[in-house]
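Below is one structure, written out as structure tokens; comments come after it.
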Amino acid sequence: MKAVVKTKHAKGMEYKEVPVPKIGLRDVLIKVNVASICGTDVHIFDWTRWAQHRFTPPRITGHEFVGNVVKIGEEVTRVKVGDRVSAESHLTCGDCYQCNNGYSEVCRNFKLLGVDHDGTFAEFLVLPEHVLWKNDQKIPDEWATIQEPFGNAVDTVLAEDVAAKTVLILGAGPIGLFTTGIAKACGASLIVVSDPNNYRLAISKKMGAHIAINPRRQDVTHVVMEATKNNGVDVVLEFSGNNQALNQGLRTITPGGRISILGIYERRVNIDLNKDVIFKKIRIYGITGRKIFSTWYKTSRFLSAGLVDPTPVITHRFPLKDYEKGMKLMKDGKCGKVILNV
Ligand code: NAD
Ligand code: ZN
């Protein structure tokens, strides 16, 4: 089969012929139809400091996908041949303290698809049956593949309710953009989105942002305070991974409000804990992964019930062999989600 493989401890990947993987008793072989590129894949492609510490070549990359089950192991019971599936990218152990206490999103032994286990940028993929998600027939392939990052957005927004609340979204990458649609669907009364990338700000308007601001041109605090009659926002959702943006968020939260943080920072962050957190009595949520599988149910319903239309976020499509074009677009930021047709 053809696959995109990270073969060397260096920048780049290779599109090459590799053997179709074998299945174990509780595994499933999937023919991938559509995959999509995440920032993690770009880190691996570029061989950034994070990738050098976390990733061991050779390995097939990618963790977002939709495909059909073509073969099942003898003990598999959850799916059958022909089922159209996607998967939770955290391959959890099912038996650590967290898995046993309803926190499998922070499983102590999880393996990440496309990092610790061969990934989705390939014609075929093998996964253990317990991470598979059977897709709703109403959800087209291009929406099914983005359910994994969409799920990150769902958990960030819904750490608490947003109904009739005022919301500031920092960072309009694909996840911030899905978030905009989800916050709108959940009844947020004001949605302000900040990102230095004008291409993405334009998409945020289509996803339901009332105000889209470029922090290089406008003063975020000033715009938020004016729009909220000097109260500040009830909710801040952080996706930029930028310390300055985080501080803008903490400063513009109304006392008693909450912030959910999904963005990942390159270095330790610097915040004024006394002034911006403790004396304002705000609640901070760290968000990672997705609740398995409650977030997947919510994600599937947001999409299948027509509550959120992710179409404006899906901006580019390439055949798998042209994956490098997608990686370049992601680096330049002139895109939303990039789809790879396998
Ligand atoms: P992305 O890199 O595409 O988006 C980040 C956006 O932030 C970009 O559009 C960028 O222009 C913008 N940005 C940069 N500086 C800014 C600033 N000062 N103010 C406002 N915006 C600014 O990433 P994504 O795929 O949408 O993911 C969002 C974040 O979530 C990333 O940091 C990613 O690493 C992280 N993430 C975390 C998890 C998790 O499980 N915790 C999972 C997926 C992604
Ligand atoms: Zn576990």
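Side notes on the structure shown:
- Residues of segment 81-110 that turn out to be within 16 Å of ligand 1 (Cβ to nearest atom) and under 17 Å from GLY151 (Cβ atoms), as a count: 13
- Selected residue (criterion: nearest to ligand 2 (Cβ to nearest atom)) from residues of segment 216-244 that are among the small types (Gly, Ala, Ser) and out of contact with any helix residue (DSSP H, G or I) (no Cβ under 8 Å at 6 or more places or on another chain): GLY241
- Put simply, of ASP322, ASP332 the only residue that is among the charged types (D, E, K, R), within 15 Å of ligand 1 (Cβ to nearest atom), assigned by TED's automatic domain parsing to the domain that holds THR92 and out of contact with any helix residue (DSSP H, G or I) (no Cβ under 6 Å at 6 or more places or on another chain) is ASP332.
- Complete set of residues in segment 242-292 that are open to solvent by 20 Å² or more (accessible area, probe 1.4 Å) and small (Gly, Ala, Ser): GLY256, GLY286
- Residue within segment 43-56 that is within 23 Å of TRP133 (Cβ to Cβ) and within 16 Å of ligand 1 (Cβ to nearest atom) present: no
- Only one entry of GLY94, GLY114 meets the criterion of being of a type in the set (Gly, Ala, Ser), closer than 30 Å to LEU25 by Cβ, within 16 Å of ligand 2 (Cβ to nearest atom) and assigned by TED's automatic domain parsing to the domain that holds GLY326, and that entry is GLY94.
- Selected residue (criterion: surrounded by the most Cβ atoms within 10 Å (Cβ to Cβ)) from residues of segment 96-126 that are without any contact (Cβ under 8 Å) to a residue 12 or more places away in the chain, outside any helix (DSSP H, G or I) and out of contact with any helix residue (DSSP H, G or I) (no Cβ under 8 Å at 6 or more places or on another chain): TYR103
- Scanning segment 33-91 for residues that are among the aliphatic types (A, V, I, L, M), more than 14 Å from the chain's Cα centre (by Cα) and in a loop (DSSP other than H, G, I, E, B) yields VAL76, VAL79, VAL81.
- Enumeration of residues in segment 189-200 that are within 17 Å of PRO310 (Cβ to Cβ) and open to solvent by 10 Å² or more (accessible area, probe 1.4 Å): TYR199, ARG200
- Check on GLU17, within 30 Å of TYR285 (Cβ to Cβ), modelled with pLDDT of 95 or more and not assigned by TED's automatic domain parsing to the domain that holds TYR265: no
- Qualifying residues in segment 293-342 (those that are of a type in the set (A, V, I, L, M) and exposed (fewer than 15 other Cβ atoms within 10 Å of the Cβ)) - the one farthest from the chain's Cα centre (by Cα): ALA305
- Failed criterion for GLU142 (all others in (1) out of contact with any Leu (no Cβ under 7 Å at 6 or more places or on another chain); (2) under 25 Å from LEU246 (Cβ atoms) hold): (2)
- Only one of the numbered conditions (1) buried (at least 22 other Cβ atoms within 10 Å of the Cβ); (2) more than 9 Å from ligand 1 (Cβ to nearest atom) is not met by ASP219, and that is (1).
- Residue that is away from ligand 2 (no atom under 16 Å from the Cβ), modelled with pLDDT of 95 or more, open to solvent by less than 10 Å² (accessible area, probe 1.4 Å) and farther than 28 Å from LYS334 by Cβ, where the choices are VAL157, VAL167, VAL162: VAL162
- Answer from THR156, THR145, THR120 - the residue that is farther than 21 Å from THR179 by Cβ and of a type in the set (S, T, N, Q): THR120
The values are calculated or read from the model by the stated rules, or taken from the named source; none is laboratory data. Note that the structure is predicted; figures quoted are calculated from it, not measured. Counting neighbours? That spans all protein chains shown, and the Cβs are built from the backbone with ideal geometry, glycine included. Protein only, heavy atoms only, side chains kept; ligands, DNA and RNA dropped before computing areas. Shrake-Rupley method; radii C 1.70, N 1.55, O 1.52, S 1.80 Å.
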